[in-house]
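Here's the structure, in structure tokens; my notes come after.
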Amino acid sequence: MTLYVKKEKTASFDVDPQNCFTDVCPDELPVPGGTDIVDELNTQAKKAKIRIVSKEAHPPNAKWIADDDNPQFSAIDGENMDIRWNAHGIVGTKGFKLIKGLPAESEYNFIAYKGIEPDMHPYGACYHDFAEKMSTGAIEVLKENNIETLILGGLATDYCVKMTVLQLLKAGFKVIVNLAACRGIDEKTVKTAIKEMEKKGATFVKNSQEIKNIY
């Protein structure tokens, strides 16, 4: 399958491609094959007018951080956090940095930071809160640049990628998910996530070579 996109109306979106989601930081939240998405993210960006990235930017005192008494995946009460996670993406740490091979942050057109507040752990890159009322600015930047279509990849397919895709679709954008630029945590939940995204209108390609520009 080949999809054709207008470069001037297209943006490339890198969702949370950080060390904390790779085996570079094995004690955080490593996703199998997380470092393997770099080439595809870089290639898909060449087909777009602008390139944006989201980063989890957590404080060291985040309330959702798991400990001996409250293990990872255990429930936690909160308006904008649902379960506990191992500490990850803490600002200033190795895990916070982008995966080696991606551009420096200054080379992106926009960075959407999320999870900055200690009592917030959003998954989607477009809003700080679960109710989707507090924007990170990503949608606004896309609209300001007259973007209609997103080519998207990142980590992880079954969490932050899925939620970001659903938010972008809800905002009225066309979304192409580049599967070669994504990796997920669990095969079963990845399949479920793909079905959910597809049901809401997302399109999927095996790799960036299936996307061609029309000018």
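The values are calculated or read from the model by the stated rules, or taken from the named source; none is laboratory data. Here the structure is a predicted model, which means the values were calculated and not measured. Glycine gets a Cβ as well: all are built from the backbone with ideal geometry, and neighbour counts include every protein chain shown.
Per-structure values
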read-out	value
Matching option when the condition is under 21 Å from TYR4 (Cβ atoms), among the β-branched types (Val, Ile, Thr) and touching a residue at least 40 places away in the same chain (Cβ under 8 Å), among VAL165, VAL177, VAL205	VAL205
Checking GLY172 against (1) out of contact with any strand residue (DSSP E or B) (no Cβ under 7 Å at 6 or more places or on another chain); (2) closer than 19 Å to PHE21 by Cα, the condition it does not meet	(2)
Options GLU210, GLU187; residue that is modelled with pLDDT of 95 or more and either of a type in the set (Lys, Arg) or surrounded by fewer than 19 Cβ atoms within 10 Å (Cβ to Cβ) (or both)	GLU210
Filter pass, ALA156 being over 21 Å from ASN19 (Cα atoms), within 13 Å of the chain's Cα centre (by Cα) and either of a type in the set (Ser, Thr, Tyr) or buried (at least 20 other Cβ atoms within 10 Å of the Cβ) (or both)	no
Pair list, Cβ < 9 Å and 6+ apart or interchain, from the range 62-91 residues that are acidic (Asp, Glu) to residues that are part of a strand (DSSP E or B)	GLU79/MET120; ASP82/ALA75
Where VAL165 falls short, out of the listed (1) touching a Ser or Thr at 6+ places or on another chain (Cβ under 8 Å); (2) crowded, with 24+ Cβ neighbours inside 10 Å	(1)
Residue that is farthest from the chain's Cα centre (by Cα), among those in the range 1-56 that are charged (D, E, K, R) and part of a strand (DSSP E or B)	LYS6
The one condition in (1) surrounded by fewer than 20 Cβ atoms within 10 Å (Cβ to Cβ); (2) not in a helix (DSSP H, G or I) that ILE147 fails to fulfil	(1)
Test: residue in the range 131-142 that is hydroxyl-bearing (Ser, Thr, Tyr), in contact with a Ser or Thr (Cβ under 6 Å, 6 or more places away or on another chain) and on the phi < 0 side of the Ramachandran plot	no
